[in-house]
1. Report Rg(Cα)/(2.2 N^0.38 Å) for region 1-54, keeping two decimals.
2. Where the accessible area of region 1-62 is counted over protein heavy atoms with a 1.4 Å probe, how much of it, in %, is carbon and sulfur?
3. Give me a comma-separated list of calculated 3J(HN,Hα) values for region 74-90, in order, Karplus coefficients 6.51, -1.76, 1.60 applied at θ = phi - 60°, integers in Hz, x for any Gly or Pro.
4. Where in region 50-91 are there chymotrypsin sites (Phe, Trp or Tyr not before Pro) that are in a DSSP coil and have at most 16 other Cβ atoms within 10 angstrom of their Cβ?
5. Kindly flag which residue pairs out of LYS9/LYS48; LYS19/LYS88; LYS19/LYS70; LYS25/LYS88; LYS25/LYS48; LYS25/LYS82 have an alpha-carbon separation exceeding 18 Å in this structure.
6. Taking semi-axes √(5λ) of the Cα gyration tensor in Å straight from the coordinates, which label in (i) 21, 16, 13; (ii) 25, 17, 10; (iii) 22, 17, 9 is the correct one?
7. For the chain, with every protein chain kept in place, what is the accessible area per residue (1.4 Å probe, Å²)?
Amino acid sequence: YEETIRQFKDTLEWFQEIKSTDIVKWELKGKTIIYEHTYQEDENLRLKSLQTFFITSENRVYSINYTATKESFNTHIKWVEKIIDSFKMNK
C-alpha cells in the first residue's frame, strides 16, 4: 500500500487519497484505494479512480482499476463493485 501511494505521488501531477479500505476476498488480503488526480495532458480534467489489489502468499499481485471523471465516478461505481464481486479465484 505504502509503495502504491508513493508511486502515485511520484507519477501523478496532482494526487489526493480519498479513502482506503482493507478487504479480504478469496481468502486473500487486499486493499481498495479511492483517489483523485488530474489527467496528465490536461491539468483541468479531474479524475477519480478506484484501485483494488490483492496479494497472494506467493507475492503475486492482482489489481483491478476503475477511472472516471470526478463528476461521473459515482454513476458506475456500483457496477464496478458487482464486477469485482463476480470474479472467482482458482487455486
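1. Here the answer is 1.24, to two decimals.
2. So the carbon and sulfur contribution to the accessible surface is 43 percent.
3. 5, 4, 10, 4, 5, 5, 4, 4, 5, 5, 4, 5, 7, 5, 10, 9, 8
4. Taking region 50-91 and a limit of 16 other Cβ atoms within 10 Å, the loop chymotrypsin sites (Phe, Trp or Tyr not before Pro) found are PHE87.
5. Beyond 18 Å between Cα atoms: LYS19/LYS88; LYS25/LYS48.
6. The value matching this structure is (ii).
7. I get 73 Å² per residue for the chain.
The values are calculated or read from the model by the stated rules, or taken from the named source; none is laboratory data. Being a predicted model, the structure only gives us computed values, none of them experimental. Every residue, glycine among them, receives a Cβ derived from its backbone with ideal geometry; neighbour counts consider all protein chains shown. Heads up: the accessible areas ignore ligands, DNA and RNA and are worked out on the full protein's heavy atoms, side chains in. Shrake-Rupley method; radii C 1.70, N 1.55, O 1.52, S 1.80 Å.
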